[in-house]
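In what follows, a structure is listed as structure tokens, so that the remarks can point back to it.
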Amino acid sequence: METRPKENERQPKSILLADANADCRELLCLYLKLLNYPTPTEAVDGEDTVRKALAEKPDLIIMEIFLPKKNGLQVAAHLRANPLTRNTRIVAATAMALPDDRERCLASGFDGYLAKPFTMRELEKLLQTVFSSNASPDFP
């Protein structure tokens, strides 16, 4: 079953997927493929995420909060402070799922939040929202 983004929605041309867990990265890659999104570049820790984000300037970063070396909240703060990545869409796909964690992520610079485990449909809906034509005009 393949789904395509609606025509009035923007779609990222490049994605960076940051998660220390290889199984989680594999599942997210499969979800993105089935949803007809580009194959993501993968990062395994916070420092790797910052390095790849600055080098590749992806349109979207899907990131776990619990990353080694630098956690996702630190990575988001670092990327938001840099003019090269300030407007990059960042989505938390995380095991950080306590009652106030969604608000904490959004307040820390994330554009969207999904608590693990989540379905492919939940990912699809969030990405459609993040990249809708009503989203921030700063996205190219």
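Just so you know, all these numbers are worked out from the coordinates, no wet-lab data involved. Note that the structure is predicted; figures quoted are calculated from it, not measured.
Which percent of Cα pairs goes in each bin when the distances of the chain are cut into 10 angstrom slices starting at zero?
13, 48, 35, 4
When you take every Cα atom in the range 81-130, what is the radius of gyration, and what is Dmax, the widest Cα pair distance, in Å?
11.5, 33
Tell me which residues come under 5 Å, amide H to amide H, from Ala43 once H is placed; ignore anything under 5 positions away on its chain.
It is Leu17, Ala18, Asp19, by chain and number.
Rule-of-thumb check for the range 26-69: C-alpha Rg over 2.2 N^0.38 Å?
1.18
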